[in-house]
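Report on one structure; see the data block that follows.
The values are calculated or read from the model by the stated rules, or taken from the named source; none is laboratory data. Everything numeric here is computed off the predicted structure, so don't read it as measured data. When we count neighbours, we look across all protein chains shown, and the Cβ atoms used for this are built from the backbone with ideal geometry, even at glycine.
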Amino acid sequence: MKFKECLEEGKLVRIDFGGKAAETERLEAEHDLAAAAESLAGGEYKWAIIQAYYAAFHSCKAFVFEAGYREKSHDCLVAAWEELGPKKPLVPRFKRLKALREQSDYGCSYSKEDAAEAVEIARQIIVANTGSHPPRTPLNRAELIRWQGNR
């Protein structure tokens, strides 16, 4: 789906409350990325992929909120991030991550390599959206909050 189609179909709407909501989404993104890294390290490859996807999803959602939009579908989030996002070369990587999540979740097909790729894609997207490098070691929620406060 394309940005203009999402707007026309009401699956992407203008908002004026993006700041606080964006911060919440960023925190969720970082929490999900830490959980994905922990799942990968623990051999839980399906969950690592799903968590990595949601890390990227929440990071992109934060970016789209700050741009003054709210999506109402995963495809429209991708379209909005493609239109408004900071790193157009990462759009195919986000689409790849979405495909990995769907393949692991609905097709029960996943591997260690897929999970490692998913975690790295999510990390790249978070860095592109925030300009900040998340920690590479898994953190609990309290540690993430402290890390966010020190950026």
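Before moving on, here are some points about what is shown:
- Hey, ALA22 among the small types (Gly, Ala, Ser), out of contact with any strand residue (DSSP E or B) (no Cβ under 6 Å at 6 or more places or on another chain) and on the phi < 0 side of the Ramachandran plot or not: yes
- Residue check, LEU77 in contact with a helix residue (DSSP H, G or I) (Cβ under 7 Å, 6 or more places away or on another chain) and either farther than 15 Å from PHE3 by Cα or not hydrophobic (A, V, I, L, M, F, W, C) (or both): no
- Near pairs, Cβ below 8 angstrom, 6+ apart or cross-chain, from the range 79-90 (surrounded by fewer than 22 Cβ atoms within 10 Å (Cβ to Cβ)) to any residue that is not in a helix (DSSP H, G or I) and not hydroxyl-bearing (Ser, Thr, Tyr): LEU84/ALA67
- Qualifying residue in the range 111-122 (condition: of a type outside the set (A, V, I, L, M) and either modelled with pLDDT under 90 or in contact with a Cys (Cβ under 6 Å, 6 or more places away or on another chain) (or both)): no
- Selected residue (criterion: nearest to the chain's Cα centre (by Cα)) from residues of the range 12-59 that are loosely packed, with under 15 Cβ neighbours inside 10 Å and under 23 Å from GLN103 (Cα atoms): ALA41
- Output for the range 108-123, where each listed residue is under 17 Å from ALA29 (Cα atoms) and among the basic types (Lys, Arg): ARG123
- Within the range 20-59, if we keep just the residues that are basic (Lys, Arg) and out of contact with any His (no Cβ under 9 Å at 6 or more places or on another chain), the residue that is modelled with the highest pLDDT turns out to be LYS46.
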